[in-house]
Amino acid sequence: MQQTLVLVKPDGVRKNLIGEVVSRFEGRGLKISALKLMKISEAQAKSHYAEHEGKPFFSELVEFITSGPVAAMVVSGENAIKAVRGMMGATNPLDAVPGSIRGDYALSIGENIVHGSDGEDSAAREINNFFKAEKIF
Ligand SMILES: Nc1nc2c(ncn2[C@@H]2O[C@H](COP(=O)(O)OP(=O)(O)OP(=O)(O)O)[C@@H](O)[C@H]2O)c(=O)[nH]1
Ligand SMILES: [Mg+2]
């Protein structure tokens, strides 16, 4: 059993894709263990994307992820981290296969609909960043 932090990013929320994303995970057999709509603060965004600090697109990344509400969720199941990453598709939607979320709904690397933790350490850190004091079912 693994838990992973998924965000439907502001572009996904604007495109009314929260239900589509949740439905794909549930259909696969993964569980939604926590879920909320929220606006990410600048500090929380910088912490979430700390690994990218110093890269040329960092400020753009923080600006985008704070540009509107996100749907934050904890997704649980066997090998949930890898399963979710596979369903999201490649970072650059132009490389994401059709049938993946990014391959079906995005065209631009800066606006690629979803985030999913990339490993057990980042999942634990990110879940703590978003659901610190909250119940995870
Ligand atoms: N503009 C721009 N954005 C980038 C670039 N590389 C990555 N990003 C953005 O930064 C986010 C985080 O990058 P990564 O962690 O390497 O990619 P990822 O793990 O597939 O995506 P996340 O699940 O969002 O973390 C990506 O989802 C992109 O939106 C880039 O070269 N240019
Ligand atoms: Mg990442």
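The values are calculated or read from the model by the stated rules, or taken from the named source; none is laboratory data. Please read all numbers here as calculations on a predicted model, not as lab measurements. Using ideal geometry, Cβ is built from the backbone for each residue, glycine included, and neighbour counts are taken over all protein chains shown. Protein only, heavy atoms only, side chains kept; ligands, DNA and RNA dropped before computing areas. Shrake-Rupley method; radii C 1.70, N 1.55, O 1.52, S 1.80 Å.
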Counted residues, the stretch 4-37 - those being away from ligand 2 (no atom under 16 Å from the Cβ), surrounded by 12 or more Cβ atoms within 10 Å (Cβ to Cβ) and of a type in the set (S, T, N, Q): 1
All positions within the stretch 93-107 that are open to solvent by 50 Å² or more (accessible area, probe 1.4 Å) and free of Cβ contacts under 8 Å to residues at least 60 places away in the same chain: L94, D95, V97, P98, G99, D104, L107
Considering residues of the stretch 108-137 that are in a helix (DSSP H, G or I) and among the polar types (S, T, N, Q) only, the residue least open to solvent (accessible area, probe 1.4 Å): S122
Residues being open to solvent by 50 Å² or more (accessible area, probe 1.4 Å) and on the phi > 0 side of the Ramachandran plot - total across the stretch 71-92: 1
Complete set of residues in the stretch 38-72 that are over 17 Å from G110 (Cα atoms), within 16 Å of ligand 2 (Cβ to nearest atom) and out of contact with any strand residue (DSSP E or B) (no Cβ under 8 Å at 6 or more places or on another chain): Q44, S47
Some residue of the stretch 53-70 being among the aromatic types (F, W, Y), open to solvent by 70 Å² or more (accessible area, probe 1.4 Å) and either in a loop (DSSP other than H, G, I, E, B) or closer than 22 Å to K132 by Cβ (or both): yes
Condition met for R102 (within 12 Å of the chain's Cα centre (by Cα), among the basic types (K, R), within 15 Å of ligand 2 (Cβ to nearest atom) and more than 18 Å from K31 (Cβ to Cβ)): yes
Qualifying residue in the stretch 42-50 (condition: among the aromatic types (F, W, Y), touching a residue at least 40 places away in the same chain (Cβ under 8 Å) and open to solvent by 10 Å² or more (accessible area, probe 1.4 Å)): no
